[in-house]
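Take a look at the structure set out below.
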Amino acid sequence: MKSISHICCIGAGYVGGPTMSVIAQKCPHITVTVVDINEKRIAAWNDENFDNLPIYEPGLADVVKEARGRNLFFTTEVDAAIDKADMIFISVNTPTKTYGKGKGMAADLKYIELCARQIARVSTTDKIIVEKSTLPVRTAETLTSILHNTGNGVHFEILSNPEFLAEGTAVQDLLNPDRILIGGDNTPEGQEAKDALTSVYANWIDRDRILQTNVWSSELSKLTANAFLAQRVSSINSISELCEETGADVNEVARAIGTDSRVGSKFLKASVGFGGSCFQKDILNLVYIAKSYGLDKVADYWEQVIIMNDHQKKRFAEKMIASMYNTVAGKKIVLFGWAFKKDTNDTRESAAIYVTDYLLDEQAEIVVYDPKVKEEQIYADLDYLNTRSEEENRRLVTVVSSPEEATKDAHAVAVLTEWDEFTTYNWETIYNNMLKPAFLFDGRKILDSSAMKEIGFKHFAIGE
Ligand code: UDX
Ligand code: UDX
């Protein structure tokens, strides 16, 4: 079996960066080069100050510190890294298409295709190509076709090796995954490639947790895994609305059903809605694929998970407005949290963006505090919606770095991300700072409801 000594990864993002850092840490005998066309991002990965790495993940800086310069390199010199590698991971982004056929649903594969063409042009030796990005089923077919039709006669073997890491726990998930999935052809060459990648992971993961499948199963498993996880969140969120009407408490319901070992306790936390770069994109992708095979019932079934999530975000904003006497115009509303979940600086598809958009439609004055998200990111997220002008976004939204101070003369506070630090604040001081009645909306159910009511807040939490 071919042993791997040089790995190249195209895309130094949330997936490529941490994944390659851990591979380099655990495999000192393999040279790992991460390339990206974004110079600023590469410079940040190479920054001497480890606080400036472009991605914040607990524990990541230590891993990078150990391996960078030893056998882990970040560079914009894509061609050279491709040429040297035995194995190339493709980890570029695959956003939902914003144009043409499949707009708003299908995955945009233009970056994947560009990568394939570049690999084909540059390669002078045989290579194993690993799809790390989440892709529609049968993308490997497209890759194979481009590589073999435009290459220099060298052999390419395509594997699918989807990533299951969750942001905020990426390093732990990489060090100790539930499973590693490797899909490839069932030919002798395909089997050899699967075994080569298996032995990379076997440097720190038990072989019985490394599953080999055919390529299509692997590609589809990733979409299915995310769809099932998102479906659990939408399911419990649908019940949260029913709880609010009936006097049941969604936490109690979640606990009652989660203790059934057939259901399990994870991913049953009611919230203001799921966000992140994957859930919505992957379900839309699944829906699109099902539709393209004429499986309308299958498509409708999964689309409902997204419909419920959009409803939850909107419903939360509407609840805020209704509670505050049906008007928030000119009212100061402080949002705690902008990231799509705690322990990450990622804001993609964060519920906070959409809640803010609804509140801005009603002319609220928004103040945002998030411990890790930068001001420029918050404005970029709002500008991207294209709902109002950039000037208006900056006039109506203020980003602050001191949370408790921000609550001075506020009408309401809403918790939109479950950062631990929010539970440690002096909520009595916050209450005293605010105009009365002081409204508190907990979109993550992290604050003790009875304590908050005791302080005097008009308190609303999802599913209570
Ligand atoms: C990943 C996966 O690839 C995506 O399919 C999955 O569903 C979510 O996670 P992620 O790492 O989160 O994407 O994306 P991002 O942080 O945007 O990183 C992608 C990087 O690829 C960017 O830094 C971008 O500059 C780079 N890129 C993109 C290239 O280097 N070359 C290109 O042609 C396109
Ligand atoms: C997800 C998958 O978990 C991971 O396996 C895949 O590789 C990428 O997509 P990620 O998006 O990083 O990971 O975060 P995840 O922890 O799954 O949370 C997604 C969203 O669901 C967050 O907004 C989170 O707050 C929300 N969520 C999660 C809930 O609202 N309730 C829950 O019980 C769990």
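Among the conditions (1) within 24 Å of the chain's Cα centre (by Cα); (2) within 29 Å of Glu192 (Cβ to Cβ), the only one that Val78 does not satisfy is (1).
Considering segment 205-227, the residues that are β-branched (Val, Ile, Thr) and assigned to a strand (DSSP E or B) include one that is farthest from the chain's Cα centre (by Cα), namely Thr213.
When segment 259-278 is filtered for residues that are of a type in the set (A, V, I, L, M, F, W, C) and under 20 Å from Ser240 (Cα atoms), the ones remaining, listed by number, are Val263, Phe267, Leu268, Ala270, Val272, Phe274.
Take the residues in segment 1-41 that are hydrophobic (A, V, I, L, M, F, W, C) and near ligand 1 (Cβ under 6 Å from one of its atoms), then tell me which one is farthest from Lys84 (Cα to Cα). Break it down stepwise before answering.
Within segment 1-41, the first condition is being hydrophobic (A, V, I, L, M, F, W, C), and the residues that meet it are 1, 4, 7-10, 12, 15, 20, 22-24, 27, 30, 32, 34-35, 37.
Applying the additional criterion that residues be near ligand 1 (Cβ under 6 Å from one of its atoms) yields 10, 12, 15, 37.
Working: Ile10: 13, Ala12: 18, Val15: 22, Ile37: 18 Å.
Residue satisfying both the conditions and the ranking: Val15.
Would you pick out the residues in segment 343-370 that are in contact with an Asp or Glu (Cβ under 7 Å, 6 or more places away or on another chain) and either surrounded by fewer than 19 Cβ atoms within 10 Å (Cβ to Cβ) or among the polar types (S, T, N, Q) (or both)? Even if it seems obvious, please write down each step before you answer.
The initial filter retains those residues of segment 343-370 that are in contact with an Asp or Glu (Cβ under 7 Å, 6 or more places away or on another chain), namely 344, 346-347, 353.
Matches in segment 343-370: Thr344, Thr347.
Checked against (1) open to solvent by 30 Å² or more (accessible area, probe 1.4 Å); (2) more than 11 Å from ligand 2 (Cβ to nearest atom); (3) touching a residue at least 60 places away in the same chain (Cβ under 8 Å); (4) hydrophobic (A, V, I, L, M, F, W, C), Ile257 passes all but a single condition, namely (3).
Would you confirm, using the coordinates I've provided, whether Ile333 is more than 16 Å from ligand 2 (Cβ to nearest atom), in contact with a Ser or Thr (Cβ under 8 Å, 6 or more places away or on another chain), open to solvent by less than 10 Å² (accessible area, probe 1.4 Å) and farther than 25 Å from Val233 by Cα? The answer is no for Ile333.
Examine segment 438-457 for a residue that is touching a residue at least 40 places away in the same chain (Cβ under 8 Å) and of a type in the set (A, V, I, L, M), and state whether such a residue exists. The answer is no, given that none of the residues of segment 438-457 is touching a residue at least 40 places away in the same chain (Cβ under 8 Å) and of a type in the set (A, V, I, L, M). Test Asp79 against the stated conditions and say whether it is over 16 Å from Glu219 (Cβ atoms) and either more than 15 Å from ligand 1 (Cβ to nearest atom) or of a type in the set (A, V, I, L, M) (or both). No; evaluated as a whole, the condition is false for this residue.
Report those strands (runs of 3 or more DSSP E) wholly inside segment 315-402 carrying at least 2 residues which are closer than 18 Å to Glu418 by Cα and more than 18 Å from the chain's Cα centre (by Cα). If you could, list the steps in order and put the result at the bottom.
Numbers: elements: 332-336, 365-369, 397-399.
Filter on segment 315-402 gives 332-336, 365-369.
Take the conditions (1) open to solvent by 50 Å² or more (accessible area, probe 1.4 Å); (2) within 11 Å of ligand 2 (Cβ to nearest atom); (3) touching a helix residue (DSSP H, G or I) at 6+ places or on another chain (Cβ under 7 Å); Glu241 misses just one of them, which is (2).
Take the conditions within 27 Å of Pro136 (Cα to Cα) and either among the small types (Gly, Ala, Ser) or more than 16 Å from ligand 2 (Cβ to nearest atom) (or both) and apply them to Val328. Does it pass? No; evaluated as a whole, the condition is false for this residue.
Out of Thr224, Thr213, one residue alone is of a type in the set (Val, Ile, Thr) and within 16 Å of ligand 1 (Cβ to nearest atom). It is Thr224. Filter segment 301-316 for residues that are over 13 Å from Ser238 (Cβ atoms) and of a type in the set (D, E, K, R); which is most open to solvent (accessible area, probe 1.4 Å)? Among them, the one singled out is Lys314.
Within segment 260-282, the set of residues being without any contact (Cβ under 8 Å) to a residue 60 or more places away in the chain and either within 16 Å of ligand 1 (Cβ to nearest atom) or open to solvent by less than 40 Å² (accessible area, probe 1.4 Å) (or both) comprises Gly264, Leu268.
Assess whether Ser238 counts as being among the polar types (S, T, N, Q) and not in a loop (DSSP other than H, G, I, E, B). Criteria met by Ser238.
Within the option set Val215, Val233, being in contact with a strand residue (DSSP E or B) (Cβ under 9 Å, 6 or more places away or on another chain) and closer than 27 Å to Leu135 by Cα holds for one residue only, Val215.
Cβ-Cβ distances below 7 Å connect the following pairs, each with a first residue in segment 419-431 that is within 13 Å of Ser402 (Cα to Cα), a second residue that is surrounded by fewer than 22 Cβ atoms within 10 Å (Cβ to Cβ) and among the β-branched types (Val, Ile, Thr), and a separation of six or more residues or different chains: Phe422/Ile446.
The values are calculated or read from the model by the stated rules, or taken from the named source; none is laboratory data. What you see is a predicted model; the values in this text were computed from it and never measured. Quick reminder, even Gly has a Cβ in these numbers, built from the backbone with ideal geometry, and neighbours come from all protein chains shown. Ligands, DNA and RNA are excluded from the accessible area calculation, which covers all protein heavy atoms including side chains. Shrake-Rupley method; radii C 1.70, N 1.55, O 1.52, S 1.80 Å.
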